[in-house]
Amino acid sequence: MEEDTKAGPPHVLIFPFPVQGHVNSMLKLAELLAHAGLHITFLNTDHNHDRLVRYSPDNLARFSGFPGFQFKIIPDGLPADHPRAGERVMEMFNSLNSVTKPLFKEMLFTDHELQSIPGSNRRAVSCIIADGILSFAIDVGNELGIPVIHFRTIGACSFWAYFCIPDLVEAGELPIRGNEDMDRILKRVPGMETFIRCRDLPSFCRTKNILADPNLQLFVDQTRQTPGARALILNTFEELEGPVLSQIRTQCPQIYTIGPLHALVKYRSVGSKTTSLQSQSLNSLFEVDRNCMTWLDAQPLKSVIYVSFGSIKKMTNEEMREFWYGLVNSKKRFLWVIRLDMVDGKDGGDDDQIPSELAEGTRERGYIADWVPQEEVLAHQAIGGFFTHSGWNSTLESIVAGVPMLCWPCSADQQPNSRFVSEVWKLGMDMKDVCNRTVVEKMVNDLIVNRRDEFMKSTVEMARLARESASKGGSSYCNLDRLIKDISLMGVRSKEYLPSSIN
Ligand SMILES: O=c1ccn([C@@H]2O[C@H](COP(=O)(O)OP(=O)(O)O[C@H]3O[C@H](CO)[C@@H](O)[C@H](O)[C@H]3O)[C@@H](O)[C@H]2O)c(=O)[nH]1
């Protein structure tokens, strides 16, 4: 091993999987590390960077205020009109592997060469924080002898569920034996033996051919690689997922729980001499409709259900109608994020004519938006509940805002998340695998009227714990300090990081 003796702070390269839920949280980490004085290169795909420039210009300008922060752009290899959503998200993995990986490798090599030039005041990359599902970034980092820390944008509960899948298969608990088997409790997910059912496993487990399913294989393989990394960063907090984290620590001893990141960004700025951290940083890849805030201002206290199924889910026309009828029939006010390009079968035909009862109910009590400032929306006093797909960022944002959730998980980690929200944390209800207007109507009313007091008790308490963990002296606050210190110690460079190792 040889030491990189060049003066200056450590240089961290951060590389997210290029979708909203991943870019958002990893940019927040980048912001926190830059605020602590580290040099940061944030690697963004060309497609996403164009969108950030277009839809979050103020945010981008703010980053330029950090000395030593830079964005670098890399192609994702997909055509401009590729949706990068729905089922086609999986095509991104292939493209990233075939097009982006060699460019990434070349970029790291050039970075090393440039920074070796006498007079350069920037260190070569001394640590990579790679999205844990971008295994090629991890491989390249390892190959070049640069320490790699995995960042998983999912919760500990779903990380652990993915991790245990091979054990479930080996023990004969998987595959799932048809619909009638969905409520069977699984015994081989340590820490979850009493409540995790087949239907609560990551959605890829629903395939019959479990050993050959490429999507499942991809996520399981990548999760199983994490123990080989220097460390694992999770956007969660000890008080929320302590028991599951103890299980994960048996495999990955070095974990930094630094969530909820959006709360940490907010609390780290309190008392800070700089004002460069943003309390509600909106790293949006879509055009934000701010008029919804004016509409919310006019609604009574805790009267509105906020509805959003994240940035990737593509809905069917039928699902949209069932939700819409359910919301209108509930007679509750609603703010619904729905982009028509994310609804299958919208072709302007007869089916697209909005029935008059829906149009009228929406005009009276609803507001439909393409994209909203979600953190701000959830913090608004008019919001009484969140009808969510249980994406991990949305779950954390709801927890911090103290808003009870009605969960309709669609895919991947969302299935375990919603089980934890309802069964373990008691922060709301799970409507998994049901899409029916009568059920939506009833559950919306239960969430914000009939069972409101019951949910408010636990949501208020969990919000307090989340905020405490992100405040000075709290668990996530201290873990971030520990992470910064440990990254600073990673100035030691490996001898293998030599041009000859590039092939
Ligand atoms: O109108 C909107 C809707 C969403 N958001 C933001 O978009 C993010 C959405 O993230 P998330 O709730 O995690 O959902 P997805 O976009 O679906 O995220 C993907 O990535 C997550 C993190 O890995 C996974 O948990 C999900 O299952 C996966 O679909 C959140 O920060 C929201 O605040 C907005 O700002 N405005």
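The values are calculated or read from the model by the stated rules, or taken from the named source; none is laboratory data. Every value quoted in this text rests on a predicted model; they were computed, and no experiment measured them. Because the Cβ atoms are built from the backbone with ideal geometry, glycine has one as well, and the counts that use them run over all protein chains shown. Please note that ligands, DNA and RNA were not included when accessible areas were found on the heavy atoms of the full protein model with its side chains. Shrake-Rupley method; radii C 1.70, N 1.55, O 1.52, S 1.80 Å.
Every residue in segment 430-444 that is hydrophobic (A, V, I, L, M, F, W, C) and in contact with a Lys or Arg (Cβ under 8 Å, 6 or more places away or on another chain), please.
444
Test of understanding: among 360, 318, which residue is farther than 25 Å from residue 18 by Cβ and free of Cβ contacts under 8 Å to residues at least 60 places away in the same chain?
360
Is it the case, given these coordinates, that residue 384 is open to solvent by less than 20 Å² (accessible area, probe 1.4 Å), touching a residue at least 24 places away in the same chain (Cβ under 8 Å) and over 19 Å from the mean Cα position of the chain (by Cα)?
yes
Report yes if residue 216 is assigned to a helix (DSSP H, G or I), closer than 12 Å to residue 469 by Cα and open to solvent by less than 20 Å² (accessible area, probe 1.4 Å), otherwise no.
No, not satisfied.
Name the single residue, out of those in segment 299-337 being under 21 Å from residue 382 (Cβ atoms) and open to solvent by 40 Å² or more (accessible area, probe 1.4 Å), that is nearest to the ligand (Cβ to nearest atom).
The qualifying residue nearest to the ligand (Cβ to nearest atom) is 333.
For the condition more than 30 Å from residue 81 (Cα to Cα) and among the aromatic types (Phe, Trp, Tyr), what is the one hit in 334, 387?
Every option except 334 fails the conditions.
Within segment 150-185, which residues are among the aliphatic types (A, V, I, L, M) and either in contact (Cβ under 8 Å) with a residue 40 or more places away in the chain or touching a helix residue (DSSP H, G or I) at 6+ places or on another chain (Cβ under 6 Å) (or both)?
154, 156, 161, 165, 169, 174, 176, 182
Provide a single number: the residues in segment 130-161 that are farther than 19 Å from residue 489 by Cβ, open to solvent by 10 Å² or more (accessible area, probe 1.4 Å) and of a type in the set (Gly, Ala, Ser).
1
Looking for whichever is open to solvent by less than 30 Å² (accessible area, probe 1.4 Å) and either farther than 29 Å from residue 312 by Cα or not assigned by TED's automatic domain parsing to the domain that holds residue 100 (or both) here; the options are 82, 11. Which one fits?
From the options 82, 11, the qualifying one is 11.
Here are some conditions: (1) under 18 Å from residue 411 (Cα atoms); (2) open to solvent by less than 40 Å² (accessible area, probe 1.4 Å). Residue 189 meets all but one. Which one does it not meet?
Failing condition for residue 189: (1).
Among the residues that make up segment 107-115, is at least one of them at pLDDT 80 or above and of a type in the set (D, E, K, R)?
The answer is no; no qualifying residue exists.
Would you check if there is a residue in segment 235-244 being over 21 Å from residue 128 (Cα atoms), assigned to a loop (DSSP other than H, G, I, E, B) and not hydroxyl-bearing (Ser, Thr, Tyr)?
Checking segment 235-244: at least one residue is over 21 Å from residue 128 (Cα atoms), assigned to a loop (DSSP other than H, G, I, E, B) and not hydroxyl-bearing (Ser, Thr, Tyr).
Which of the helices (runs of 4 or more DSSP H) contained wholly in segment 281-399 include at least 3 residues that are within 30 Å of residue 424 (Cα to Cα)?
Fully inside segment 281-399 and qualifying: 317-330, 374-379.
Show the residue pairs meeting these rules: Cβ distance below 8 Å; 6+ apart or different chains; first residue within segment 407-419 and assigned to a strand (DSSP E or B); second residue open to solvent by 10 Å² or more (accessible area, probe 1.4 Å) and more than 8 Å from the ligand (Cβ to nearest atom).
407/422; 407/429; 407/430; 407/432
Can you give me the number of residues within segment 367-381 that are open to solvent by less than 20 Å² (accessible area, probe 1.4 Å) and within 20 Å of residue 446 (Cα to Cα)?
Residues in segment 367-381 being open to solvent by less than 20 Å² (accessible area, probe 1.4 Å) and within 20 Å of residue 446 (Cα to Cα): 1 in total.
Could you check segment 396-412 and list, in sequence order, the residues that are within 13 Å of the ligand (Cβ to nearest atom) and either closer than 21 Å to residue 292 by Cα or open to solvent by 20 Å² or more (accessible area, probe 1.4 Å) (or both)?
The answer is 397, 398, 400, 401, 403, 405, 410, 411.
Out of (1) open to solvent by less than 30 Å² (accessible area, probe 1.4 Å); (2) at pLDDT 95 or above, the odd one out for residue 358 is which?
Unmet condition: (2).
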